[in-house]
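To keep things clear, I will list the structure first and then write my remarks on it.
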Amino acid sequence: MERDIRVKKIKDGTVIDHITAGQALNVLRILNLPSGSGATVTVAMNVPSRKAGVKDIVKVEGRELRSEEVDRIALLAPEATINIVRNYRVVEKKKVAIPQMVEGVLGCANPNCITHVEPVKPRFIVESKKPIRLRCHYCERVMCEAEIAKQF
Ligand code: CTP
Ligand code: ZN
């Protein structure tokens, strides 16, 4: 008997592991869960982790993630790993990655920004990855982690 197993292994689906503690609910929002698909979802928060002190974990059964979902998760949880599980085994493990530029995912926090008036796609330059800071390509307003998280 494994006394340490906190949440059950899944048979098929995706385990998003090493999520920054406190971000699990935002990750669920990105995935449009639990309402999205009827998928079984397990969430663990503040789980002790060797690497990070504590972490959150989200397990989604019967579903793999789209690349734009993975990109969004990277903005909130830059240390997250995406584990694809098939028949109880991790068949693929990849770390999320913050791109150089973020386009079309977030809106600018500056209410006077041109992106709110003209039909242009919001675009941000990644100024810092840790902590995450995004600079609007149009008005140069910098958005911090809290402002980014609020949008999910
Ligand atoms: N997992 C799961 N169901 C499975 C297989 C794995 O829920 N059938 C979970 C594990 O509990 C873990 C994550 O998927 O949270 C990654 O599994 P694994 O690669 O086996 O764990 P580690 O080697 O500890 O991963 P890492 O090195 O990324 O920390
Ligand atoms: Zn702007």
Do we find a residue being aliphatic (A, V, I, L, M), surrounded by 11 or more Cβ atoms within 10 Å (Cβ to Cβ), at pLDDT below 95 and outside any loop (DSSP other than H, G, I, E, B) anywhere in segment 91-98?
-> no
Go through (1) farther than 26 Å from residue 14 by Cβ; (2) at pLDDT 95 or above one by one and return the number of the condition residue 60 breaks.
-> (1)
Top-ranked residue of segment 53-90 - restricted to ones that are hydroxyl-bearing (Ser, Thr, Tyr) and surrounded by fewer than 12 Cβ atoms within 10 Å (Cβ to Cβ), ranked as nearest to ligand 1 (Cβ to nearest atom) | 88
Filter segment 102-123 down to residues that are surrounded by 11 or more Cβ atoms within 10 Å (Cβ to Cβ) and under 17 Å from the mean Cα position of the chain (by Cα) and give me whichever is modelled with the lowest pLDDT.
-> 105
Residue pairs qualifying under the 8 Å Cβ cut-off, at least six apart or on distinct chains, with the first in segment 37-57 being acidic (Asp, Glu) and the second being within 16 Å of ligand 2 (Cβ to nearest atom) and modelled with pLDDT of 90 or more, are none
Of 140, 147, 118, the only residue that is closer than 17 Å to residue 74 by Cβ and either part of a loop (DSSP other than H, G, I, E, B) or away from ligand 1 (no atom under 16 Å from the Cβ) (or both) is 147
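The values are calculated or read from the model by the stated rules, or taken from the named source; none is laboratory data. On a predicted model such as this, the values are computed, not experimentally measured, just so you know. Every residue, glycine as well, gets a Cβ built from its backbone with ideal geometry; the counts of neighbours run over all protein chains shown.
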